[in-house]
Structure formats: C-alpha cells, structure tokens
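Contents: one structure, followed by commentary.
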Amino acid sequence: MIRQLCIVIGAFCIGILVANGNHDRVPAEVPETNTSLSVLDDRQSHSNNTEIIEADEPALPRPEQVSESQAPSVQETPLLALEQENAFLRAQIKKLQMQAHQARPTGNIAAKLQSIFEYQERDELWASEVEIQAADFLYISELQEVVKMKQVACKTHVCQLSFQAFELEDGNKHWLHVHNALIKMPWMRQFKTITAVQNGPSMQVHLSLKRSTELRSEY
C-alpha cells in the first residue's frame, strides 16, 4: 500500500516537473517570433519611408529645358535697352526741333529793329530822357577808356547805340563786359528786346520797349 502511494506521488511530481519544463520553454520561443516581426516591421517602415521621399522629391528640369526657358530673357535684354535708347533719342530730337523753331536769329531781329528805327517817328520826351542816361553809361561803368559811344538815338520805342573800341584788340576783349554792364543799368529794365551785333572794333545795340513777337506788324 505504501509502495503504491509512493509511486503515485512520484508520478505526480514528475508530471508537475514536466509541465513546468514545458512552461519554461514556451516563453523562450516567443521572443524569437517577436524579433522576426520587429525586423519585418522595420523593413516595411524603411521601405515605406523611402517611397514617400521619392514621391515627394521634385523632378528636375532637363538641361535643354533650362536653356530654352532662359534664352528669351538673354535676347530681350539688349532689345529692351535699344528701345529705351531710341525713345530717348527721339525725345531729344523733338526737343531740339522745338527749340530751333522757337529760336530766332539775333541778326533778323536786329535788322527788324534797324528798319523800325529808320522809319519810326521820335517821341521827344521819352527819347531825350533815355539818351541822357545812356550817354553816362560808359562813365558810370568806368569803360570810357576802353570804348567810346559814337551814337545814341531813340525814337518812339526803339533806341540805337553804337560803340567803337579805341583799339581792335581792346574791342574784342571787352565787348562782353560792355554788354553785361549795359544790361545791368536801372534804366535798361524798361526794354523787352535787346540785340547786340559785333563787327570787329565796333558793336551796335538796339533796344525796344516791345517784345520780338510784337514787332512783326511794324514796317
């Protein structure tokens, strides 16, 4: 009886040991399965990331496409510069033409004033007053030793002044100074038109109370 009881107890213990041994071996196999799954998941994740990067990467243009797109800008730059230069030149030409049309030769106006002076009647009161002031011009400007005034005469609105240099060289040297000093005189402010024609050692000046545009209707 006792012997049979010992055999049953021993068999029970052996069954427990076998069960424990199988239980211990099962967890050892699980990590291997998890490891393989983890490696597989990593590979799939890497594969998916690579595809996303390739899909998001912009496509570079071909070399011939770049050259074709840049070629027009290279050609348009010189053309635009030429168009701007032509526009500037046309504007300058138009401006010069307008100035040439508006400008009147001094000789023509001087000849017109000379003609008016010859045929115009004399306003004695106004003419005498201007002639007295003009006669003192050289002394006031201290030019009496450089040039002399051969004539000063006035009519109604035109005066004629003739200067003569004592020497040819002095006349050529000082005519600009004489002219500038003359137009600075207070009594000269009343005149609207002033012409000066130099001829070697002499200079003739015409003065008028009218503008050059107002002289067309006279004589």
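FYI, it's all coordinate maths here, none of it is from the lab. A quick note: this is a predicted structure, and the numbers were derived from the prediction, not measured. So basically every Cβ, Gly included, is an ideal-geometry build from the backbone, and we count neighbours across all protein chains shown.
Compute the FRET efficiency between Met188 and Arg216 as 1/(1 + (r/R0)^6), taking r as their Cβ-Cβ distance and R0 = 25 Å, and round to the nearest 0.05.
Once the sixth-power term is evaluated, E becomes 0.60.
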More than 18 angstrom apart: percent of Cα pairs within segment 106-214: 46
Lys pairs under 14 Å by Cα in segment 106-214, provided they are eight or more residues apart or on distinct chains: 4
